[in-house]
Each structure stands twice: as structure tokens, then as C-alpha cells.
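Written out below as C-alpha cells is the structure these notes cover.
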Amino acid sequence: MIFQLVLLVAAVTWIAPRVASGASVALPIPDPRTCVPRTSAAKYGWITPIGSFQGTSGQATILQPLAPSVTLEVGTWESSLITNTVAGILLRDIFGAAVTLQQFNSSAGSITRIGRGSIDMNFEAWPSSFGSDYALLVIQSGLVEDLGATGYSGKQAWFINQAITAANPTVIFDSWMSFKVPAVIARLPRVGTTAPSRRIDGSTLCDSQFSFCSRGTFVPPQCAGSLAQSCGEFWSLDPLLSNGANEQRIVDLGLKLVVVYLTEPDLYANAERCAAQPTSLCLFAHQSPSAISDSLSVSPVNLPDYVPRCWNQFSSAQVPASHLSCDSPMEVLTKLSTVGIANRAPHLRSFARYFTLRDIDIQSLTSATLASADTWAIACQWISQYPTIWESWVGAPPIGYCMPFLFIAVIGAVLI
């Protein structure tokens, strides 16, 4: 048996498979891949190779300078995964930071998690999830800093397959009012056609955390009991993502729809099959930007116009007894940071402020998830192709800048 000494400093905890529950998941699998080679990263001046250790395997290990540890929040949806992975790779490879990605099924509570310090940054925060916490944590207490827009907008929307509208030009499918019309409802999958998705433990996505749904479905009063035969299916992701907004909207607008909760892979597979044919209608909810809305032949459904007063009276805690009869807002997604980052790592705060992904950038990144499930590889390829974009986020170290060094020895046993 030969014992190998490995010297590590700025390790990174990278993305593991997506979770299906609402709980946060620490992602403990280190990704050993380097996207920006250290020889290339050194030119920016934030990290400098200072030596190497020749292990018994003959592989040289670069000794890295110490940098702050940073925990980024990521969601389970493509745009959040991709955006925070791009940021995480650059924070690690360019600045030498020790990066951890922690995953949540919903953006709800993100600003609170940052305020209490369990999360350091989120590069894709949805303002609709802030509620009164923004005024409390950003404006009043200053525990959280708003670092400006991410660069692209986001929206929770409803979609239908385009092919059926092209094949039936005299029928209106893309209005919310259509889902009260029996002839349109008849084109949807009948209630009970699609099986709700299940987690690894066999439970459905709608569990005891939600009072408004059960057994993987939400049944509004207008579809209860024998009335279900006059309703059609509406596919939705984990209830945490919309926090009951879709369900309350269905109740208030009197739509003949029963919600079936599906995982992202199951929803995509169903939407892909539906989008390829012009006979049957499918209706589903999804956020944009995403691979589904940007890559499949689907069209948004026109809901009643968004009105702040309408949206503000909605309470997720009271579904289905709350009120919501309008569309979701188009949101300028933003970056949030704990105020502590400005004190212990101002250069990382500066990077985050300049970090900007355009609509065209996020569309190409999310579309790439159709061909590969390797989020790290997709983000790295974009970083490799477009250094002229992200180099402007990095900035130069101040004159005389010198990072302290720390060597952490981890002994691993390698059986040969």
C-alpha cells in the first residue's frame, strides 16, 4: 500500500443531481475539473502558482493561495443552475475562492437565507419571492446587498403546443378563456391520463407541506368528484416553484383544469412529445428562460394582464382561499449578496456587481441542456468561448495586492 499526500486549498463543491424535495441539499461531491487553466488564470493577477508537489503518482499539484469560502444558492431549474455555475467556476478558477453550491427547489426564502448568513450569494434571485423581506433586509437592516440585475428577465408562464394552433386556425387556444370551453378542454389529456411524478422514496411532489394538493394533483372545486370528467390536465412542476399561484388562478378564473405535478425530466418529455404533433392540446406551466420555452415549438397563453394590486393580494399560505386572477409579472432577475462579502472579499463583490448575462447568453446556455445534463461542462464551454464577455467582470487587483497563503494537507490512502 502506498500513501499519497495531496495538497489542497481552494476546493470546490460542485453540482450533484437535482433534488425533488423542498429541502436544501448540500452538494458534497467535489468536481476536480478545471475550466480556466491556472496558467491562463494567473494573468488576471488574483491567483499565482507558487510551487508544486510531486506526488507518488507523478502528478503535480499546484499549491493555491488562500481565498474566502463562498456559498452560492442555486435552484433546480436550468437558468439558475447554469448562471450560478458560470459564476462559481469563475470565482474558483480566477479568484481561487472555495466555492460551494447549495440547492433549493424554490427561490422563496432566498433573501432570508442570505440575510441570516447561511448563503453568501445568489446570481439569479426572483423579486416576486422577496415580499416584505426586501425592505427589511436590504433597505432597513442592510444585511443583504442588492448587486443589480443579472442581465436577463424571467417569468412564470403557461404554454401550449404551437402545432395545434397552426392546424386549427379558427380555434383560439392561447387565451385563458379557452379553458372554459368544452371543445378546447376535450383536446387536453383527460383527467387521470398522466401519472404524477414520484420521488425516489415513492412520494409525490405534492406532500404534507401543501394543504391545497394531495397525491400529486390539485383538484379545484369546479373539477371535484363527477365534475372531473368535464376537465383536462394542466402539467406543472414542483408546487414550491409557483407557491400556489397557478392553483389559485385556476380557482379564481373558474378554469376546468386539474393540476398534475411532474419532475422537470417528466414534464419536458411530455411537452416534447406534445409539441411534435398537431392533434392533441397540452397545457403546462414553466418559467422562462428555459430549454422548454426557448427550444420547443410552444406558445405562451394570454392570461389577464398583470396588475400589481392583483398580484400583491395573493397569499401562498391561503391557497385556495386567497385571490389571484391576473398574470405573473415579468421580472428583472437580480443578484443578492450578504453584506459580509463586501468586508471580507470586496473583489468578489465587485465581480458579482459586474456579472451580467444577456438574453442571448442564457438562451444558448439553457438550450445546451437539451444535449447534455452536465451543467459544469456547458458552463465551462461558454466560459471558454466568450472570455471577452466575462473578462470585464474580473477587474485588476490593486497595486501591491498580495494574497496570504495557506497549505492544507489532506492525506489519502491509495491502494495499488
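The values are calculated or read from the model by the stated rules, or taken from the named source; none is laboratory data. Note that the coordinates shown come from a computational prediction; the quantities given were computed from them, not determined experimentally. Positions of Cβ are generated from backbone atoms using ideal geometry, with glycine treated the same way; all protein chains shown enter the neighbour counts. Just the protein is used for accessible areas: all its heavy atoms, side chains included, with ligands, DNA and RNA removed. Shrake-Rupley method; radii C 1.70, N 1.55, O 1.52, S 1.80 Å.
Values for this structure:
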quantity	calculated
Helices (runs of 4 or more DSSP H) enclosed by the range 340-401 - at least 2 residues per element that are open to solvent by 80 Å² or more (accessible area, probe 1.4 Å) and closer than 19 Å to Ser290 by Cβ	359-368
Yes/no for Leu296 being over 21 Å from Ser178 (Cβ atoms) and surrounded by 18 or more Cβ atoms within 10 Å (Cβ to Cβ)	no
Of all residues in the range 134-152 being farther than 17 Å from Phe351 by Cα and surrounded by 14 or more Cβ atoms within 10 Å (Cβ to Cβ), the one that is nearest to the chain's Cα centre (by Cα)	Tyr152
So Phe159, is it at pLDDT 95 or above and not in a strand (DSSP E or B)	no
Residues located in the range 123-135, provided they are in contact (Cβ under 8 Å) with a residue 12 or more places away in the chain, among the hydrophobic types (A, V, I, L, M, F, W, C) and not in a strand (DSSP E or B)	Trp126, Phe130
Contacts under 7 angstrom Cβ, first residue in the range 271-298 being farther than 21 Å from Asn246 by Cβ, partner small (Gly, Ala, Ser) and modelled with pLDDT under 90, 6 or more apart	Ser295/Ser367
Residue in the range 161-184 that is of a type in the set (Val, Ile, Thr), open to solvent by less than 30 Å² (accessible area, probe 1.4 Å) and touching a Cys at 6+ places or on another chain (Cβ under 8 Å) present	no
From the options Gln229, Gln277, residue that is over 25 Å from the mean Cα position of the chain (by Cα), in a helix (DSSP H, G or I) and surrounded by fewer than 19 Cβ atoms within 10 Å (Cβ to Cβ)	Gln229
Failed condition for Ala108, given (1) surrounded by fewer than 24 Cβ atoms within 10 Å (Cβ to Cβ); (2) within 16 Å of the chain's Cα centre (by Cα); (3) free of Cβ contacts under 8 Å to residues at least 60 places away in the same chain	(3)
